[in-house]
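Visitor: There's a structure below that I have some questions on.
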Amino acid sequence: MSSVMKASTSGSSSAPVAHNAMPPPSTAAAARSSRIAPHSHIKGLGLTPEGFASTDAAGFIGQTNAREACGVVVDLVKSRRFSGRALLLVGAPGTGKTALALAISQELGVKVPFCPMVGSEVYSTEVKKTEVLAEAFRRAIGLRIKETKEVYEGEVTELTPTESENPLSGYGKTVSHVIVGLKTVKGTKQLRLDPSIYEAILKEKIVVGDVIYIEANTGAVKRVGRSDAYASSYDLESETYVPLPKGDVHKRKELVQDVTLGDLDAANARPQGGQDIMSVMGSLVKSGRTEVTDKLRREVNKVVKSYVDQGVAEVVPGVVFIDEVHMLDIECFTYLNALLESPMAPTVIFATNRGNSLVRGTTDIVAPHGIPIDLLDRCLIVRTDRYKEAEVAKVVQLRANVEGLKLGPGVLEHLAKRGHESSLRYALQLLTPASILSSIAGRKQIELEDTSEMGELFLDAKTSAEMISS
């Protein structure tokens with residue numbers, strides 16, 4: 001057992017109750033708050049076992065043909081018959097291209113790396129354009145490492161820091177230790193932990209009701225998810241709920257750590273300088289990005305291969321999503337051809353909203369979607385359609401449910417009409433400011449006057465362009 005950890009076993013009936021311990025709530029009001037991303041409701045393509053798209057499933061609404069086509073691509077990737085190819089999503093802005101790319105990643109697996117980027121990101125003064133693309137590809141290749149460790153695992157039932165006088169100062173107090181109660185199906189255990197572990201708990205934003213494990217030798221803390229006893233009645237949530245762990249709190253457990261080749265490249269590329277003041281100052285003025293050499297990548301690949309051969313790790317190819325791919329130039333497109341043919345290439349998805357346009361970096365090559373023909377020939381092209389008004393209404397209602405917003409009479413119809421006339425994104429962007437306006441007015445739901453006022457304050461692109469040109 002680690003010197004930073006002292007554990008004492010106690011029964012569930014005699015365990016002391018912390019000041020912040022509480023029974024599982026019946027509603028989602030006390031659920032752990034987290035940032036809600038724009039596509040957090042997307043859980044997959046929403047296909048039947050036969051490969052047909054359901055009307056609205058897995059958080060996806062509409063885009064039936066595109067979802068079914070992407071389902072075929074998922075089958076090709078899983079059967080390892082998509083190497084050397086790429087998927088190109090073509091459609092107007094706000095038609096679900098990013099959502100489709102994310103859904104493909106979800107269908108391939110929950111832990112599959114998803115690395116999104118925009119074509120214009122390659123134009124950096126710090127590193128070469130091709131280096132940015134290589135980094136993105138490496139970040140999309142995962143490495144799953146398995147090892148058996150001694151851990152304390154369970155649902156947090158108590159989290160009580162104990163303060164004492166700070167010996168280094170006459171003022172204030174410092175945390176001397178923290179008491180953590182962990183519960184499994186088999187029993188409970190109370191741990192007396194070092195303050196450094198309490199800092200790690202705060203960094204992971206762990207609260208009572210979370211399922212965690214603590215490594216006995218290192219004191220590393222990992223949040224697994226929220227206990228399913230706290231699960232709400234929502235069909236879709238950004239939170240991950242997990243069952244109560246089985247067995248004893250103190251156990252030997254096979255842990256799976258997920259890293260990417262990009263993480264390994266960055267860790268080995270960072271030079272370890274001295275501890276003197278000149279070394280510290282030198283590290284502060286250095287560029288934030290370090291260009292990784294091909295030699296270093298080959299060395300990392302050798303180590304990864306040895307781990308795979310020993311059965312300690314497995315390679316998990318992920319998904320690279322390059323939005324606005326027409327922003328790349330001829331040098332980048334040529335490099336992409338080489339990256340697609342590499343042995344450990346991830347699944348590559350492009351997206352564009354352009355028709356026939358000039359290939360950047362050239363003066364006379366006009367190609368479909370601004371992509372050279374030699375790369376375009378490697379792509380399977382899928383079109384996304386504009387959302388109908390009824391589909392916009394369903395998406396708005398879904399996002400309102402995910403964000404915990406209540407819509408008053410006529411609000412959904414008004415937002416659906418505005419979204420159909422302008423764009424789906426515009427309708428979704430009005431939701432949160434309208435909810436703020438309604439809360440200021442003391443209302444518990446968004447009313448029609450809130451969305452109408454937001455529509456006057458924040459214009460859509462078509463209206464603003466007409467006002468400027470008139």
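The values are calculated or read from the model by the stated rules, or taken from the named source; none is laboratory data. Quick caveat: nothing in here was measured; it's all calculated off a predicted structure. Here Cβ is always computed from backbone atoms with ideal geometry, including for glycine, and neighbour counts include all displayed protein chains. Accessible surface areas use protein heavy atoms only, side chains included; no ligands, DNA or RNA. Shrake-Rupley method; radii C 1.70, N 1.55, O 1.52, S 1.80 Å.
Visitor: Among VAL73, VAL77, VAL112, which is the only one that is outside any helix (DSSP H, G or I) and either on the phi > 0 side of the Ramachandran plot or buried (at least 16 other Cβ atoms within 10 Å of the Cβ) (or both)?
Guide: Result: VAL112 is the single residue among VAL73, VAL77, VAL112 that is outside any helix (DSSP H, G or I) and either on the phi > 0 side of the Ramachandran plot or buried (at least 16 other Cβ atoms within 10 Å of the Cβ) (or both).
Visitor: Tally the residues that are among the basic types (Lys, Arg) and on the phi > 0 side of the Ramachandran plot, restricting the search to segment 80-89.
Guide: 1
Visitor: With more than 22 Å from THR95 (Cβ to Cβ) and touching a residue at least 12 places away in the same chain (Cβ under 8 Å) as the only criterion, which of LEU424, LEU437 stands out?
Guide: Within the list LEU424, LEU437, the selection yields LEU437.
Visitor: Then there's this: Kindly establish whether GLU107 is surrounded by 17 or more Cβ atoms within 10 Å (Cβ to Cβ) and either closer than 21 Å to VAL292 by Cβ or β-branched (Val, Ile, Thr) (or both).
Guide: Working: surrounded by 17 or more Cβ atoms within 10 Å (Cβ to Cβ): yes; either closer than 21 Å to VAL292 by Cβ or β-branched (Val, Ile, Thr) (or both): no.
Taking the combined requirement at face value, the residue does not satisfy it.
Visitor: Name the residue that is surrounded by the fewest Cβ atoms within 10 Å (Cβ to Cβ), counting only residues in segment 297-323 that are of a type in the set (A, V, I, L, M, F, W, C) and assigned to a strand (DSSP E or B).
Guide: Within segment 297-323, the match that is surrounded by the fewest Cβ atoms within 10 Å (Cβ to Cβ) is VAL315.
Visitor: Scan the strands (runs of 3 or more DSSP E) fully inside segment 172-222 and keep the ones with 1 or more residues being farther than 17 Å from THR157 by Cβ and of a type in the set (S, T, N, Q). Full working, then the answer.
Guide: Working: elements: 173-183, 188-193, 210-215.
Hits in segment 172-222: 173-183.
Visitor: Could you figure out which of (1) farther than 27 Å from ALA99 by Cα; (2) of a type outside the set (Lys, Arg); (3) in contact (Cβ under 8 Å) with a residue 24 or more places away in the chain isn't true of VAL411?
Guide: (1)
Visitor: Can LEU415 be described as open to solvent by 30 Å² or more (accessible area, probe 1.4 Å), part of a helix (DSSP H, G or I) and closer than 16 Å to GLY94 by Cα?
Guide: Taking the combined requirement at face value, the residue does not satisfy it.
Visitor: Turning to a different aspect of this structure: Hey, among ILE446, ILE373, which residue is without any contact (Cβ under 8 Å) to a residue 60 or more places away in the chain, open to solvent by less than 10 Å² (accessible area, probe 1.4 Å), among the β-branched types (Val, Ile, Thr) and in contact with a strand residue (DSSP E or B) (Cβ under 7 Å, 6 or more places away or on another chain)?
Guide: Of the residues listed, the single one that is without any contact (Cβ under 8 Å) to a residue 60 or more places away in the chain, open to solvent by less than 10 Å² (accessible area, probe 1.4 Å), among the β-branched types (Val, Ile, Thr) and in contact with a strand residue (DSSP E or B) (Cβ under 7 Å, 6 or more places away or on another chain) is ILE446.
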